[in-house]
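Here is the structure we will look at, set down as structure tokens.
What follows is calculated from the coordinates using simple rules that are stated; it is not laboratory data. Values in this document were obtained by computation on a predicted structure and should not be read as measured data. No Cβ is skipped: glycine too gets one built from the backbone with ideal geometry, and neighbour counts run over all protein chains shown.
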Amino acid sequence: MIQNIGVVGAGQMGSGIAHVLAVAGYDIMLTDTSNAQMQKALKVIEANLNRQVSRGRLEQVEAVDALARIQTVPGLPELAQADLVVEAATEDEDIKREILADLGKVLNPDGLIATNTSSISITRLATVSGRPEKFMGMHFMNPVPVMELVELIRGIATDEDTFSAVREVVLKVGKIPTNSEDFPAFIVNRILMPMVNEAVYTLYEGVGTVEGIDSSMRLGANHRMGPLELADFIGLDTCLAIMQVLYEGLADTKYRPCPLLVKYVEAGWLGRKTDRGFYDYRGETPVPTR
């Protein structure tokens, strides 16, 4: 039975995952290489819990109890007795491989590992964990407390007990699981990211402005967010990383990342998290940067 869950990475995704797991009654150990980031994550989680209370989605006592179930720990060795560890580090395969290799060495033999990667091969990541049969993909959508879907991805060696146990966690959290085969970017990002990339090409080629492109998709396709606004929300570095996985993994030129997307990432304009992307967020209202 899964009760104690470790979460590696206290960024936007890791904090969101810790939030929903704690609300569901799991005891959470959250770790990150930066103590400042962990403290920031706790504040974000508390603010989001309070927002849910104000909207009538949680009782105050439930929010207080959920926050109390989250503890920060200084490193991977403290996760040794976790029943399940969810890796939610940045979408960089080298970083993930390093974390997973170290985690596999310290985690108890029965411990399960799930990665929140949005695009990278589960089978390939599983090999470095030292326990590929107890390893799988558990891809939450962003923002985690709001979005209902979780993609579940088996690696070639993932056993049925592991899949069933992780699926049960997803259901207990109140999310809807969908199964994806282990192909680059899985289902959601296989469809979503080429659309975002094509929007950047549309901007790059001068077909439309930032505002024109986003307004067209909001009003003409009934999307809640325009694709460039969405890219800023996701993080342009993450969008680029997923497109590179698709381009390299499927060897098809239709997945070639737009040069303008590459340029924005090289400039460090990664979207909301850096206050500049396709929009500038440093003022009271976002202003297009192009």
>> Compute the helix-to-body angle for 12-23: its Cα long axis versus the longest principal axis of the chain, expressed 0 to 90° and rounded to tens.
In response: 40
> Which far-off residues, 5 or more places away or on another chain, put their amide H under 5 Å from the one on Glu87, with H placed in the peptide plane?
Replying inline: Val8, Ala114, Thr115, Asn116
>> Rounded, prolate or oblate, given the Cα gyration tensor of region 66-188, with a/c below 1.5 counting as rounded?
In response: rounded
>> Quick query: amide H of Arg276 versus all other amide H atoms, modeled in the peptide plane; which residues come in under 5 Å with a sequence gap of 5 or more or a different chain?
In response: Leu270, Gly271, Tyr281
>> If you take every residue apart from Ser164 with its C-beta less than 15 Å away from the C-beta of Ser164, what net charge results, scoring Lys and Arg +1 and Asp and Glu -1?
In response: -3
>> Could you order the peptides 155-165, 1-11, 232-242 from most to least packed, using the average number of other C-beta atoms within 10 Å per residue?
In response: 232-242, 1-11, 155-165
> By the gyration tensor of its Cα atoms, with a ≥ b ≥ c the square roots of the eigenvalues, what is the shape of region 136-258: rounded for a/c under 1.5, prolate for a/b over b/c, or oblate?
Replying inline: oblate
> For region 188-288, what does the equivalent ellipsoid look like in terms of its semi-axes, each the square root of 5 times an eigenvalue of the Cα gyration tensor, given largest first in whole Å?
Replying inline: 21, 16, 12
> Hey, what angle do you get for helix 210-220 against the long axis of the chain, alpha-carbon based, 0 to 90 degrees rounded to 10?
Replying inline: 70
> So what's the angle, to the nearest 10 degrees on a 0 to 90 scale, between helix 160-173 and the longest Cα principal axis of the chain?
Replying inline: 70
